[in-house]
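**Q** This is the structure, below, for whatever I ask next.
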């Protein structure tokens with residue numbers, strides 16, 4: 001069955017380190033999204049992509065970057081991790097248009 | 001995207017219908033109403049969506065008022081597994097591929 005997977009599921013890192021969270025989907029969806037979820041803030045959109053070589057900033061993009069070199073993957077990179085980036089990160093994908101978003105199981109990142 | 005207003009929490013007895021309201025008074029003509037839910041620590045899950053007609057699927061029913069300024073998600077026979085945070089989201093046709101913007105949602109507790 002097609003699916004969307006995130007890795008790692010749990011990660012602890014130190015302030016200032018570079019961290020990359022992987023997101024891989026096998027539906028061949030054009031659209032992919034990264035959200036973060038914190039207590040009191042709900043889900044907030046970080047970056048999104050409508051296709052290969054396309055990336056766009058969301059509500060809370062500062063300190064994050066993404067690249068889309070193929071259809072299946074949208075890795076999220078924290079160039080210099082900060083404690084404020086401790087959060088649960090969700091990746092999602094959808095077909096073009098108003099298609100349903102399918103979410104991964106989340107990656108819990110702790111920055112010490 | 002139009003903003004939505006939902007009660008922060010609701011209780012429902014197991015086996016009874018759960019009626020979750022949502023106000024979206026600034027919705028425009030080409031915007032849809034979507035509902036997602038998030039069971040504890042999991043990625044959000046699509047439930048249903050509609051434009052102006054009532055919709056029903058295997059999970060729920062969506063009732064949209066004639067003026068489209070509010071809607072109600074109905075879970076006809078709530079079970080303990082329906083305990084989750086339910087998000088009502090307005091999503092525009094020209095917002096290609098989603099870019100779902102989540103609010104705070106309603107925390108539904110289904111009690112035995």
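Computed from the coordinates by the stated procedures, all read-outs in this text should not be read as laboratory data. The structure presented is a predicted model; accordingly, all values stated were derived computationally and were not measured. Cβ: placed from backbone, ideal geometry, glycine included. Neighbour counts: every protein chain shown.
**Q** Return the average number of partner chain Cβ atoms within 10 angstrom of each residue Cβ along peptide A:98-109.
**A** Partner-chain Cβ atoms within 10 Å, mean over residues of A:98-109: 5.
**Q** If each of residue B:66 and residue A:110 carries a label point 7 Å out from its Cα toward its Cβ, how far apart are those two points in nm?
**A** Label at residue B:66, label at residue A:110, 5.6 nm between them.
**Q** Another one. If you count the DSSP beta bridges with both ends in chain B, what percent of them are antiparallel, to the nearest 5?
**A** Here the antiparallel bridges make up roughly 85 percent for chain B.
**Q** Please work out how much length the chain gains when fully extended from residue A:22 to residue A:62, using 0.36 nm per residue of separation minus the C-alpha to C-alpha distance, in nm with one decimal.
**A** Taking residue A:22 through residue A:62 to full extension adds about 12.6 nm, to one decimal.
**Q** Can I ask one more? Taking each residue in A:20-33, count the Cβ atoms of any other chain within 10 Å of its Cβ, then average. What number comes out?
**A** Other-chain Cβ atoms within 10 Å of each residue's Cβ, averaged: 1.
**Q** Once you put a point 7 Å from the Cα of residue A:55 and another 7 Å from the Cα of residue A:96, both along the Cβ direction, what distance in nm separates them?
**A** Going by the 7 Å Cα→Cβ label model, 2.2 nm.
**Q** Can you grab the distance from the C-alpha centre of the stretch B:40-70 to the C-alpha centre of the stretch A:3-18, Å, no decimals?
**A** Between the Cα centres of the stretch B:40-70 and the stretch A:3-18 lies a distance of 33 Å.
**Q** Something else about it: Please give the contour-minus-distance gain from residue B:109 to residue B:81: 0.36 nm per residue of separation, less the Cα-Cα distance, rounded to one decimal in nm.
**A** So the extension gain works out to 9.1 nm.
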